[in-house]
2 protein chains.
Amino acid sequence: MKIALAQINTVVGDYQANLDKIAAFTQKAHAQGADLVVFPELALCGYPPLDLLYRPSFVRACEQAVRPLLTRVPEGIGVVVGGIERNPAPHGRRLFNTAFYLENGQVRTYHKQLLPSYDVFDECRYYEPGRAPLVIEKGGERIGVTICEDIWHVLPELRYAHSPMDDLAREDVSLVLNLSASPFSVAHDAVRQEVLMRNGARYGLPLLYVSMVGGQTHLLFDGGTRAMMPDGAVTAQAPFFEEALLIVEKKGDRWEGSRAPSVADDGDRLRRALVMALRDYFDKLGLNRRAIVGVSGGIDSAVVLALAAEALGPEAVMPVFLPSRFTSETTWRLVAELHQRMGATYETVSIDEHYENMLRQLEAHWGSLPGNVTEENIQARLRQTILMAYANRENGVMLNTSNKSELAVGYGTLYGDMAGGVSVIGDVLKTQVYQLARAINRAHDWIPEKIITRPPSAELKADQKDTDTLPPYEVLDPILVMLIEQEMSVEEVVQQGYDEGLVRRVWGMVQRNEYKRYQFPNIFRVSDRAFGYGRRVPIVGRWV
Amino acid sequence: MKIALAQINTVVGDYQANLDKIAAFTQKAHAQGADLVVFPELALCGYPPLDLLYRPSFVRACEQAVRPLLTRVPEGIGVVVGGIERNPAPHGRRLFNTAFYLENGQVRTYHKQLLPSYDVFDECRYYEPGRAPLVIEKGGERIGVTICEDIWHVLPELRYAHSPMDDLAREDVSLVLNLSASPFSVAHDAVRQEVLMRNGARYGLPLLYVSMVGGQTHLLFDGGTRAMMPDGAVTAQAPFFEEALLIVEKKGDRWEGSRAPSVADDGDRLRRALVMALRDYFDKLGLNRRAIVGVSGGIDSAVVLALAAEALGPEAVMPVFLPSRFTSETTWRLVAELHQRMGATYETVSIDEHYENMLRQLEAHWGSLPGNVTEENIQARLRQTILMAYANRENGVMLNTSNKSELAVGYGTLYGDMAGGVSVIGDVLKTQVYQLARAINRAHDWIPEKIITRPPSAELKADQKDTDTLPPYEVLDPILVMLIEQEMSVEEVVQQGYDEGLVRRVWGMVQRNEYKRYQFPNIFRVSDRAFGYGRRVPIVGRWV
């Protein structure tokens, strides 16, 4: 008995392409002698469809894709694939998150039972929970089907009262499939591994886990497809961050297949995730376009430039350097060195004349200049105007270069450096940006050491340093993780040994800047709590 | 027997102020002889708390507010007030959406049973549904308590299998309270009235409905507090768009009180909702600040300017006119006339020199100018840069002036006219902007007729008209309502008698511009499907 685990990358709403890909992987699995091929959750419609699920035409299209797929399943192989199905009952949510089992011209369905409704997940918005198990009898096996969260009841903090695995155990199954779409974060694979191990141990059953791969708007998927035995052994493992067809075969009481290496280092993991994210963002939007990157001589823009060059090819990236009177000689030199190491050309467009003219004009209106953040913001917004002119002219996409630390405390100019078609490192803390830069240099050696080691500065006034305004990032970042990712109160962070005045100031900055983040571009999510869909906070309110 | 219905405006997270307000209204109700005073859903913590509910400290603060409130309830009166409570069970969501009944030093609770999880509502994200009814026995009445959605099962399209009202009917109650936080839309009061009527008729019970009032980030609350008798008669009605204490008294088998007039006209309704929204946005953020409005001589900015002047007072509004070479003489004249009629002064800051300099610089880099939207966008972004400089200098808030029609089709410049601290009319279709302008002029006669009647133009190139690019708004707006608010497919809209090529083009524009809307400021919601939290659409995807 052979089972093929198809770790594929589908596109939301592109039913024809998704169908073709599923059929092609099925053919390939059949050719390799597989008796069954398993695809990820919602592979048919793409993930996450979000409110496209409110559109009856979108749902009909998914249902109507099942029959044509059935005709393309060769004899002798079964297909298990995720999609959506309408709930025929007059009550309850309109849809089911469904696994379709197709074989011999027949279709059977399973409906997901545990519906995550936290963080980036809103499954209770769309789906009615299923109630009944599905068991596939094939090749002497009794194979239970689950979808993603169905096996996550082993984490008590998720507080599920019911375990679909209990039902399968009562059905005396010999093997469990899990169709997943489990979003990447730096820490996620360890949690996933833990969930699979606990299930294997608790139920004494082998699990075949199939997850999607690819970038989908804000969510990234690293794959992670594997076979988990009851003793905790991973006996097959698909490569991360790419499509794969992992064949597992029953040998004795174990399912075995090839084992691709894991990605051990956080910096490498971030690099591969974000490269994949950028590639898919452009590909799936059908953008045969250039990425515009404003380079500043700092580490953030250097990292974004390098990721874009790796993802899209250096020729698809247009770096623009926009110096002003406050740009240091070091910056000029490092920008040149960065591009030289990358073998790239860049444009230099000074904002100085525009800045001077605008100051002169405003001074005439105002009598004097405020001498505060007003002037700094003008520079950032002039840069944005020029970068967006490049983007418009090239029909390209300007990449945002803000990191999560500055975004959290509002250290950035709305419509200035906070602009961009998509945010590449908006979920990467500054201290992680350094890890990412090191990982990039291990692969390409593009970023000059001095860019990595120089003190961060916005260069919006003379001799400015980030630390004029902010605590050092080694202090700030752990505070941000506690306040934002761990939802701790100021008091609770102070109990961890941090200065109360500092923590209170940081929390004030986080709160005051919700209105800015509300307007921030789509962020590639790489943490367990990214700004964006997964974190919904009132702008108006007085919670301190 | 007298019951006081307290239609109040609380602030998310400002427990002390909310508590003080609830205590003050309780005192007032007591002084007027009320036996019971009823407050809206989640009045204690403010609505909507969103993911602040994930913060244990926020939840503890709400629970800890109940006891101090209890000590402030005078003898002889009971208080029913909405708040949150933790779910002590190890399974299920962590919280209950709760009605606290406080009297004689005792607290009893009711947990909301029907949890809306659609549109702007994500209650399944936070709350476990309650299971048990609460009946208050007082003054010979058996009073059942419900919270908002609990009585909305009468709309079959919401597909609730269970009706908490059935339980109350079995409990033989004589009166039903409903604590609500039901967001405003132009059409909402008619739906609310229908829901109350159906409940009254089906169960033969009088209903006392108490809703919150005020603006809360994206959500507006018009109040709508009333007494509904089983025969469909509204026997008491609080004024709309303001705080009120509505006393109802039992006379025979009817509950009666004063009856404030409804707001009949959609334009007036929009005007009062948006004025309230602006006032609360500034008040609740603690912004004793000016609103900066870029005036263009068009109807959108004139309407936003007028709403801001009515909401904040004319002295708190700073209009800035930013002409260019493409600004017509008519525009110059109309801007002057608008301010003259309003008795307001404004600043005039030309963008022309900046525009010319930037074009010259870019032409030097590029060899020639693209002659497309690139140049138009530069103008819009230079205006934004100057407006934001005003906002920064004044420590003010720049108001966005985009309407929903242009936002839907992407007819606007990201970081240009799409910028602003908050969007005032981003949920108002262009055809509704005209209704709003008429309503403003009935109240103040501020907007010159010619601004209302002139053909819309962005004036970003010579002799430009919106209709060069877009269909007339009378044609566009109904198509947008069908595609967006009614989730119809292109085919379904065409079946309504619209040209297929046109509908397809509009739908293409709607879809292509998700990335722009993603970065749009917070919008005051006045329709049943606003852009923002209530509509979550993947940017990356290929659904046509």
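The values are calculated or read from the model by the stated rules, or taken from the named source; none is laboratory data. This is a predicted model, so every value here is computed, not measured. Using ideal geometry, Cβ is built from the backbone for each residue, glycine included, and neighbour counts are taken over all protein chains shown.
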So, first residue touching a residue at least 12 places away in the same chain (Cβ under 8 Å) and within 19 Å of B:Phe282 (Cα to Cα) in segment B:386-408, second residue charged (D, E, K, R) and crowded, with 24+ Cβ neighbours inside 10 Å, Cβ within less than 9 Å, six or more apart or across chains; the pairs are B:Met388/A:Arg381; B:Asn400/B:Asp417; B:Thr401/B:Asp300; B:Thr401/B:Asp417
Restricting segment B:252-279 to residues that are acidic (Asp, Glu) and farther than 30 Å from B:Lys2 by Cβ, the one surrounded by the fewest Cβ atoms within 10 Å (Cβ to Cβ) turns out to be B:Asp265
Within segment B:164-194, the count of residues that are in contact with a Phe, Trp or Tyr (Cβ under 6 Å, 6 or more places away or on another chain), of a type in the set (A, V, I, L, M) and closer than 22 Å to B:Phe221 by Cα comes to 1
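Please specify each residue of segment B:123-143 satisfying the condition of being touching a helix residue (DSSP H, G or I) at 6+ places or on another chain (Cβ under 7 Å) and either within 25 Å of B:Ser185 (Cα to Cα) or touching a residue at least 60 places away in the same chain (Cβ under 8 Å) (or both). Before you say what the answer is, go through the steps one by one.
Step one: list which residues in segment B:123-143 are touching a helix residue (DSSP H, G or I) at 6+ places or on another chain (Cβ under 7 Å), which gives B:124, B:126, B:133.
B:Cys124, B:Tyr126, listed by residue number.
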Result of the Cβ filter at 9 Å on segment A:491-517, keeping first residues that are without any contact (Cβ under 8 Å) to a residue 60 or more places away in the chain and partners that are in a helix (DSSP H, G or I) and of a type in the set (Lys, Arg), at least 6 apart or interchain, is A:Val494/A:Arg504
Scan segment A:140-158 and tell me whether some residue there is among the basic types (Lys, Arg), within 15 Å of A:Tyr110 (Cβ to Cβ) and away from every other protein chain (no Cβ under 14 Å).
yes
Screening B:Arg381, B:Arg360 for residues that are surrounded by 22 or more Cβ atoms within 10 Å (Cβ to Cβ) and not small (Gly, Ala, Ser) leaves only B:Arg381
Might you let me know whether segment B:320-341 holds any residue that is under 30 Å from A:Thr348 (Cβ atoms), within 14 Å of chain A (Cβ to nearest Cβ) and not hydroxyl-bearing (Ser, Thr, Tyr)? yes
Determine if segment A:148-167 includes at least one residue that is closer than 17 Å to A:Gln7 by Cα, buried (at least 19 other Cβ atoms within 10 Å of the Cβ) and at pLDDT 95 or above. yes
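Mind checking whether some residue in segment B:445-453 is basic (Lys, Arg) and touching a residue at least 12 places away in the same chain (Cβ under 8 Å)? I'd like the intermediate steps shown before the answer.
Let us first name the residues in segment B:445-453 that are basic (Lys, Arg), namely B:450.
Right, trim to touching a residue at least 12 places away in the same chain (Cβ under 8 Å) and you get B:450.
Looking through segment B:445-453, at least one residue is basic (Lys, Arg) and touching a residue at least 12 places away in the same chain (Cβ under 8 Å).
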In segment A:298-323, residues that are of a type in the set (Gly, Ala, Ser), surrounded by 20 or more Cβ atoms within 10 Å (Cβ to Cβ) and more than 21 Å from the chain's Cα centre (by Cα) total 1
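Name the single residue, out of those in segment A:276-311 being assigned to a helix (DSSP H, G or I) and among the small types (Gly, Ala, Ser), that is farthest from A:Thr331 (Cα to Cα). Can you show your working first?
To start, the set of residues in segment A:276-311 that are assigned to a helix (DSSP H, G or I) comprises A:276-284, A:299-311.
The next check asks that each one be among the small types (Gly, Ala, Ser); those that pass are A:277, A:301-302, A:306, A:308-309, A:311.
Values: A:Ala277: 29, A:Ser301: 12, A:Ala302: 12, A:Ala306: 17, A:Ala308: 21, A:Ala309: 21, A:Ala311: 25 Å.
Only one residue tops the list, namely A:Ala277.
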Note on segment B:463-509: residues among the β-branched types (Val, Ile, Thr), surrounded by fewer than 19 Cβ atoms within 10 Å (Cβ to Cβ) and within 14 Å of chain A (Cβ to nearest Cβ) are B:Val494
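Condition check ((1) modelled with pLDDT of 95 or more; (2) of a type in the set (D, E, K, R); (3) more than 20 Å from A:Ala17 (Cβ to Cβ)) across all residues:
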position	(1), (2), (3)
A:Gly204	yes, no, yes
A:Gly214	yes, no, no
A:Ala227	yes, no, yes
A:Thr235	yes, no, yes
A:Trp255	yes, no, yes
A:Gly267	yes, no, yes
A:Leu274	yes, no, yes
A:Arg290	no, yes, yes
Within segment A:189-222, residues being over 25 Å from A:Asp253 (Cα atoms) and buried (at least 21 other Cβ atoms within 10 Å of the Cβ) number 11
Conditions (1) among the polar types (S, T, N, Q); (2) under 22 Å from A:Met509 (Cα atoms); (3) at pLDDT below 95 -> A:Asn403 fails only (3)
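Being over 30 Å from B:Phe282 (Cα atoms) and of a type in the set (Val, Ile, Thr) narrows it down to one residue among B:Val433, B:Val428, B:Val490, B:Val422; which is it? Even if it seems obvious, please write down each step before you answer.
Details: B:Val433 fails: over 30 Å from B:Phe282 (Cα atoms); B:Val428 fails: over 30 Å from B:Phe282 (Cα atoms); B:Val422 fails: over 30 Å from B:Phe282 (Cα atoms).
The match here is B:Val490.
Specify which of the listed residues (B:Arg383, B:Arg454, B:Arg438) is farther than 20 Å from B:Ala530 by Cα and touching a strand residue (DSSP E or B) at 6+ places or on another chain (Cβ under 8 Å). It would help to see each step written out before you state the result.
Numbers: B:Arg454 fails: touching a strand residue (DSSP E or B) at 6+ places or on another chain (Cβ under 8 Å); B:Arg438 fails: touching a strand residue (DSSP E or B) at 6+ places or on another chain (Cβ under 8 Å).
Going through B:Arg383, B:Arg454, B:Arg438 in turn, the sole match is B:Arg383.
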When segment A:442-470 is checked residue by residue, the ones that are assigned to a helix (DSSP H, G or I) and either of a type in the set (Lys, Arg) or under 10 Å from A:Val303 (Cβ atoms) (or both) are A:Arg442, A:Lys450, A:Ile451, A:Ile452
Would a scan of segment A:270-284 turn up a residue that is farther than 26 Å from A:Ala187 by Cβ and outside the structural domain of A:Pro314 (by TED's automatic domain parsing)? no
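Do any helices (runs of 4 or more DSSP H) lying entirely in segment B:312-404 carry at least 3 residues that are closer than 26 Å to A:Ile386 by Cα, and which ones are they?
Values: elements: B:329-342, B:352-366, B:373-394.
Once the helices (runs of 4 or more DSSP H) in segment B:312-404 are filtered for at least 3 residues that are closer than 26 Å to A:Ile386 by Cα, what remains is B:352-366, B:373-394.
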TODO: Test A:Leu460 against the criterion of being within 14 Å of chain B (Cβ to nearest Cβ), in contact with a helix residue (DSSP H, G or I) (Cβ under 6 Å, 6 or more places away or on another chain), over 26 Å from B:Thr217 (Cβ atoms) and not hydroxyl-bearing (Ser, Thr, Tyr), and give yes or no.
DONE: yes
Scanning segment A:471-500 for residues that are of a type in the set (A, V, I, L, M, F, W, C) and farther than 24 Å from A:Asp300 by Cβ, the one farthest from the chain's Cα centre (by Cα) turns out to be A:Val494
Pairing a residue in segment B:187-201 that is under 17 Å from B:Val145 (Cα atoms) with any residue that is in a helix (DSSP H, G or I), where Cβ atoms lie under 6 Å and the two sit 6 or more apart in sequence or on different chains, gives B:Val195/B:Trp152; B:Val195/B:Val154; B:Asn199/B:Ile151; B:Asn199/B:Val154
Exception for B:Asp417 within (1) assigned to a loop (DSSP other than H, G, I, E, B); (2) at the interface with chain A (Cβ under 9 Å from one of its Cβ atoms) falls at (2)
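When you scan segment A:162-275 for strands (runs of 3 or more DSSP E) that lie fully inside it, which ones turn up with 2 or more residues that are under 28 Å from the mean Cα position of the chain (by Cα)? Working first, answer last.
Numbers: elements: A:175-180, A:207-211, A:213-216, A:219-222, A:226-228, A:234-237, A:244-251, A:254-256.
Passing ranges, in order: A:175-180, A:207-211, A:213-216, A:219-222, A:226-228, A:234-237, A:244-251.
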query = Right, B:Asp427: within 14 Å of chain A (Cβ to nearest Cβ), of a type in the set (D, E, K, R) and either more than 27 Å from A:Ile539 (Cβ to Cβ) or crowded, with 19+ Cβ neighbours inside 10 Å (or both) or not?
reply = no
Residue hits (segment B:354-375; acidic (Asp, Glu) and facing chain A (nearest Cβ under 9 Å)) are B:Glu375
Only unsatisfied item for A:Pro538, checking (1) on the phi > 0 side of the Ramachandran plot; (2) within 11 Å of another protein chain (Cβ to nearest Cβ), is (1)
